[in-house]
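The values are calculated or read from the model by the stated rules, or taken from the named source; none is laboratory data. What you are looking at is a predicted structure, and each value in this text was computed from that prediction instead of being measured. FYI the Cβ positions are ideal-geometry reconstructions off the backbone, even for glycines, and counts take in every protein chain you see. Surface accessibility is based on the protein's heavy atoms, side chains included, excluding ligands, DNA and RNA. Shrake-Rupley method; radii C 1.70, N 1.55, O 1.52, S 1.80 Å.
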Amino acid sequence: MSGLDGLGFWRHPDFRAGFERYRDVAANRKPAKFLLARAIAIDAPLDASEDALWRELEAKTPAFVELWRGIAPGELPPPQRPNLLDLCRELAGRMLAHCDFCRWDCGVDRRRGAKLGACKLASGTRVSSYFHHPGEEWIYRGRLGSGTIFFTSCNMRCAFCQNGDISADKDNGAPVSARVLATMAWRLRAEGCHNVNWVGGEPTIHLHTIVEAIALLPEFEPDERDLAAALATKADWRAPYPAARAHADYRGCFNAPLLWNSNFFMSAPAMRLLRLLMDIWLPDFKFGPGRCAKELARTPWYWDTVTANLKLIHRWGEEFTIRHLVMPGHVDCCTRPVLQWIAREMPEAPVNVMDQYRPENFCDPHDARYDARYAPIARRPRRDEIQAAFRCARELGLRFESLSYERNTTGLRA
Ligand code: SF4
C-alpha cells in the first residue's frame, strides 16, 4: 500500500533476504509487533510489584515470539486485556522512577526531577521536529520517506555530534504528551511514510513517552486538538502529503513498522521492552574498544554495551542495518575494530560505512563552542582514510557497498 514494496532495490542481494518481516509490515500484509503484543494476555495485575511485572514479561515473551514468527499475512489475533503491550507501558513508567533506560543506570526518580541523571532530563519529552525523511537508507526512505521523529537531548556527549542542535540543547523543540507523539506517528504513516523512525538526539531517554504513545496506536484517531498540537514541529507541513487511512490500515487497526534508530547505549531492561515493540533496528556503532568513546563522547562502557545489544538483536533474529561513521584519524582505533567485530559476530549484517563526517559543535573551529582539545578531529576525513575504511569492509567481506555508496558524499569507492 505504501509503495515501498515495488521498489527496485529489493532485487539487490543485500536486501532480497533479511527484511521480509519489515517489508510485510510496511506493505500492511502483516501486523506490527505492537499489535501482536496486544494479543498476548498477561496474568499479573498491572499494580503488582515491579519484580513481579518483569517476571511476567519474561514468562510471556516466548509466546509473543512464537506468534511473531508464525503470523500469517492477513491474520490478527484479538486483543486481550490486560496484555503485553499494557505491561510494556507500565514497566517503562516504573523504570522512570529509578531511571535505568540506558547503561548509565543513574537510578534517579525522573518523575520528581529533583535530581537529574546523565541525560539531564526529568519526565518531560520534547520533539525537535518530525517529517518525511528523504535521506535515510534506501530501505527506510523508500519513495515517500521515513517517518522520522527527532527527540531532543542525548545520553552521550559526542564532541562532533552531527545533530548537535538537537542533542546538545535539551530545551530544543516543543514538549509533547504521549497523545501528541502518537498523533505524529499516525500522521506520518497516514501520509505514506514507510515506517515510524524514533531517533534524536537519542530516543532511549524518552522511552516512557514512546511506549505510552505506542500503546495508544492500535485504535488511534487524533482529534483536532491533537493535530493542531502536533503541527508545531512538523518540518514539512507545507508539503502536499494527503493523509489516507489505507496507508496505515491493517484489519481496521493502525499499522506501521517501528524503527529504533539509536546509539544502542540502552540498558538490558530497555532492550527487553524494545524487543516486543520494534520491527526493525538501525544501530549506530562508532567507537572501537579503546578510549575513544570516553575521550570524544564522555561515555564509559561503550564497546561492551553496544556489542552486547547488537548480539541480542542478532540472537533474537531481528532485522537491522548497522551504521558506522568514519571519523578522521580513527580508522585504526575505531573503524577497523568495529568492522572486524561485525565480520566476526554477524557477517551477514548490512552495514552503512558513512563518509559524511564533518567537524561540528565542539570540533568546529568556526563555532564559538570550539574546544581546542578536539583539534585532531576538527577536519573532514581524508580521501585515503575513507578509502581505507571501504577497503577494510571489502576485505572483510561485509555487505556494505549497497548502503554505503548510494548516498556517498565523497564519491569514493574501495
Ligand atoms: S535515560 Fe540514561 S542518562 Fe538519562 S537518567 Fe536514565 S539512565 Fe540516566
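Data for the structure
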| item | result |
| --- | --- |
| So A118, is it assigned to a helix (DSSP H, G or I), of a type in the set (G, A, S) and at negative phi | no |
| In segment 161-184, residue farthest from C119 (Cα to Cα) [restricted to those that are open to solvent by less than 60 Å² (accessible area, probe 1.4 Å) and touching a Lys or Arg at 6+ places or on another chain (Cβ under 8 Å)] | M184 |
| Total residues in segment 274-294, condition over 16 Å from the mean Cα position of the chain (by Cα), crowded, with 23+ Cβ neighbours inside 10 Å and assigned to a helix (DSSP H, G or I) | 1 |
| In segment 242-264, residue nearest to E221 (Cα to Cα) [restricted to those that are within 16 Å of the ligand (Cβ to nearest atom) and in a strand (DSSP E or B)] | W260 |
| Unmet requirement for P203, which otherwise passes all of (1) within 11 Å of the ligand (Cβ to nearest atom); (2) over 30 Å from A244 (Cα atoms); (3) not hydrophobic (A, V, I, L, M, F, W, C) | (2) |
| Boolean, A44 is among the small types (G, A, S), modelled with pLDDT of 95 or more, farther than 19 Å from P257 by Cβ and in contact with a helix residue (DSSP H, G or I) (Cβ under 7 Å, 6 or more places away or on another chain) | yes |
| All positions within segment 265-281 that are aromatic (F, W, Y) and away from the ligand (no atom under 13 Å from the Cβ) | W281 |
| Only listed residue being farther than 28 Å from D165 by Cβ and within 16 Å of the ligand (Cβ to nearest atom), chosen from E90, E50, E58, E75 | E50 |
| Residue in segment 132-153 that is in a loop (DSSP other than H, G, I, E, B), within 16 Å of the ligand (Cβ to nearest atom) and on the phi < 0 side of the Ramachandran plot present | yes |
| Extreme residue, least open to solvent (accessible area, probe 1.4 Å), among residues of segment 295-331 that are over 20 Å from the mean Cα position of the chain (by Cα) and without any contact (Cβ under 8 Å) to a residue 12 or more places away in the chain | P300 |
| Test: residue in segment 10-19 that is at positive phi, within 22 Å of the chain's Cα centre (by Cα), modelled with pLDDT of 95 or more and buried (at least 16 other Cβ atoms within 10 Å of the Cβ) | no |
| Those residues of segment 22-55 which are in a helix (DSSP H, G or I) and open to solvent by less than 20 Å² (accessible area, probe 1.4 Å), in sequence order | Y22, V25, A26, K33, F34, L35, L36, A37, L53 |
| Any chance M271 is open to solvent by less than 10 Å² (accessible area, probe 1.4 Å) and within 13 Å of L312 (Cα to Cα) | yes |
| Condition broken by Y357, with the remaining ones in (1) touching a residue at least 24 places away in the same chain (Cβ under 8 Å); (2) surrounded by fewer than 17 Cβ atoms within 10 Å (Cβ to Cβ) satisfied | (2) |
